[in-house]
Structure formats: C-alpha cells, structure tokens
Amino acid sequence: MRSSWSAFANADQLCAVRRPGGVLFLIFHLSLFIFHSSEAQVLSPAARVSLITYGPGQDDISSVFGHTEIRIVDPMMGLDRDYSYGGFDYNADSFVLKFLRGTLPYRISSHQIGQVAWYYQQNNRSIREQTLSLSGPQKQRLYEALETNLLPQNREYRYKFYYDNCSTRPRDMISAAMGDSLVWAPTVKQPTKSYRAWMNDYLGAKPWERLGMNLAIGRPADKITTGWEAMYLPNNVFNELTRAQVRTANGKLLPVVTQTQTLFEGQSVFKDTLPIVVYPDFVFLVLFALVAFLTWQQWNSNRLGLVSKGRWLDRLLFGFAGIWGWFLFLLWFATDHGVTTWNSTLLWLMPLHIPGVFWATSTNRHPYQAGMYFRITAVLLFVSLFLSPAPGFADELFIGTLLVRALYRSWVRTASTQLVARQEEV
C-alpha cells in the first residue's frame, strides 16, 4: 500500500476512526456544507488545482462506481478545499418519492479532504490525485465558479445517472474554466461501449443489484457511448484527463496532468461476496426445476377438465411478474430518470398479469378465453428470450419458468374446450 497522507491528514487519526455505514457517511458529508459569500477570494500564484478520484467500493450500491471531486489548495491563503457534487438532503420533502421519481435534487458541498478521506480508507477505496496545469486566471475562474455554485440558490442540480452526475460536473467545470486551451484526446469522440456495459463492469460483486438495475433500465442504456459520454464514470474521467493536453500561450501542447499521486491504494473490490446458492442464476435455476417438475406432475394427473389444478402456482408466479411489471411501468411513465423508457422487460414482466392472471385462472372462466390469454402470454415470453438485456441467465430462467406454465395452461384450456365440445355433441 502506497500512501501520501501527510499531504492532508494524519494517518494515525484516520485509522482511529471506526467504519461508519454508508448512510451515516452521507449524513456526515452533508453536515460539512459551508456557506460562502458571493465574492470569492483571489488565489495566490502558489495555488494549485487537482482532481480527486475515489475508487469503487462495496459498502453500498452508491459506492460501486467511485466518486470525483475537485480540490483547490492555496498555502498562501491557508485554503485546502474539495468540491463534491454527490450530496443530497435526506430531510427534503417527499424524499423517497422524489428519489424514486428521479426528481430528487443533488447538491454541491465543500470540505477538506482530511475530513472524509478516512471513510474511503476504512472502506478500502483508492484515492488518486491528479494535479492539473491551469493558468492563474483559469484557477481563479474555476474557484469563483465553484464558490458561486456553493451559494444556497445555486447548489442544487437535477441528477441524471448517465448524463449529469458527480463525475460529469467536475469534468464540465474544469473544461469550462480552461476553455479552448484544454485539448482532449481523440478518444473522447470515439465509440467505446454502451452505458449498460460500462455499468455492468462495476456490478460484478453485487449480482442482485446488477440484475435489478439491468431490468429497470431501457433501450437508452444500450446506446454506444463516446469517450466523452463514458465519463459518467469517475475512472473514465481520470483516464481521459491522463490523455488530455493543454495548449500553452506559445501554442505548445503539454500534458494537462502534471503529477499523479496515489494517496491511498485500495485492494481489488470486485470479488464474489455471495455463496453460490444465493446467486440469482442458481436461485432461478432451482425455481425453474421445481416448477417444471410440478408442471410435469400436473400434466400426468390432469386427465382433462381439472383446469383449476396448479392455479395457486400460476397466480403466484404471474402475480409476482405483474407486480414488478407495474413497478417498471411506473419507472417508464411516472419518473424522470431518462433511462427507464422503452423497456423490453415489460414484455415478460407484464403489468396486466395483475389482475389478468386471476381473471384467466378463475374456475368459471371459459376455457377458450383463458387459453387465449396464456397463448398470447407464451408468445410474448418466447420473444423476450431473445431480448434479455441482463448478464447471466437469471432473467432467461424466470422467463422459461413462466413459459412452461403458460404453455401448460394453454394446452389444458384448449383440451378442456375440446372436451366440452365433445360432451355437448353427445
């Protein structure tokens, strides 16, 4: 482990702090807000600007993608301040509703790096600092812009996971302060991979969260990103700045990063933390096997006409799918996330299963009507097998589970209709 704690904090003091929960850290983080006047101080020639990149963590879902902050240090002024765009107010009115709808305002905060570095150290998250080559006027312009953002009337912004977040904001602030003198590498315009693929690179150690997030986001997440768009992730901002250059007054191009130092080296966090028996793939494989076995038993014992057999199982499975379908439907039409639209998952997590499955499995439902319901469902499920966006096989296995029941119900109802017709002829 390489460390440079002496630059901003006492290592022994940092190690003495006990590890908090993610929520407690965010509350502490918000408590560090500082109210500033609208007139920023004038930086001295000794001032320096750097970008702080915190590595991914495993403590909660909000930490797995890392974090980015801007640091401004001026020893002549006694200034050492970090600017973070990753905070929000737990006490905000209708917090949960706004969070789910994607309308919860995020905000900028400022603090000294030593006040929060212990958290990242205790959670095994790397801390890297890139010192940037800005001219005196550019440093002052950036400092004043950040201080202006800190004003109560300016500090909040509308967070967008892929498009406007705690990583893109520092990038944009630095880019605006440097203007045309900042020359990004050609990679910022070149295609990389999709938003979804980038996201999945960071979710390997959280299989259930990875499954849920992949099911919740729609086609916008499958857009192939450029290097610029991929900078919604902190590590990508770090890498692009490493390749970027600054044009000096005489037209010469020099690296914009003059120094990179690792303040804390965390170990790899992408490890399997769950036993295989609770992995989504294994859980849904067991479910598929159990449902297939029960369906086979019902098939052999049905003898036509016993169409109510297994009704509880169908209501449970398709009801579960319908509940989640309504949730995804609301994410599409009742939220402002921007990436939950055009979600093909709704073809198999179909909201209309609530109340449709109860209608179709009613004992007084005409066999033809119920059979048609499950035949349409089977077609949608079959198509969904080829549209699955999530990595792994958990969603395909659950689709297969529903497909087994839909095909069985289609056959039972059709056979019952034929039996009724023969009885009427007699």
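The values are calculated or read from the model by the stated rules, or taken from the named source; none is laboratory data. Because the structure is predicted, anything quoted here is derived from the model rather than measured. All Cβ positions, even for glycine, are placed from backbone atoms using ideal geometry, and neighbour counts span all protein chains on display.
What to note about this one:
- Residue check for Asp180: among the acidic types (Asp, Glu), touching a Lys or Arg at 6+ places or on another chain (Cβ under 9 Å) and farther than 28 Å from Val339 by Cα: yes
- The one condition from (1) modelled with pLDDT under 90; (2) buried (at least 19 other Cβ atoms within 10 Å of the Cβ); (3) more than 30 Å from Tyr157 (Cα to Cα) that His337 does not meet is (3).
- Among residues of segment 229-256, those that are on the phi < 0 side of the Ramachandran plot and surrounded by fewer than 18 Cβ atoms within 10 Å (Cβ to Cβ), counted: 12
- In segment 361-381, the residues that are in a helix (DSSP H, G or I) and within 16 Å of Val404 (Cα to Cα): Ala370, Gly371, Met372, Tyr373, Phe374, Arg375, Ile376, Thr377, Ala378, Val379, Leu380, Leu381
- Counted as qualifying within segment 221-263 are the strands (runs of 3 or more DSSP E) with 2 or more residues that are among the hydroxyl-bearing types (Ser, Thr, Tyr), namely 224-226.
- Some residue of segment 333-340 being among the hydroxyl-bearing types (Ser, Thr, Tyr) and touching a residue at least 12 places away in the same chain (Cβ under 8 Å): yes
- Applying the condition of being in contact with a Pro (Cβ under 9 Å, 6 or more places away or on another chain) and more than 22 Å from Gly114 (Cβ to Cβ) to segment 60-76 and asking which residue is surrounded by the fewest Cβ atoms within 10 Å (Cβ to Cβ) yields Val64.
- Across segment 362-399, the qualifying residues are those that are β-branched (Val, Ile, Thr) and crowded, with 18+ Cβ neighbours inside 10 Å, and the one among them that is nearest to Gly218 (Cα to Cα) is Ile399.
- Leu313 falls short on exactly one of the conditions (1) modelled with pLDDT of 85 or more; (2) surrounded by fewer than 15 Cβ atoms within 10 Å (Cβ to Cβ), and that condition is (2).
- The number of residues in segment 71-106 that are of a type outside the set (A, V, I, L, M) and at pLDDT 90 or above comes to 10.
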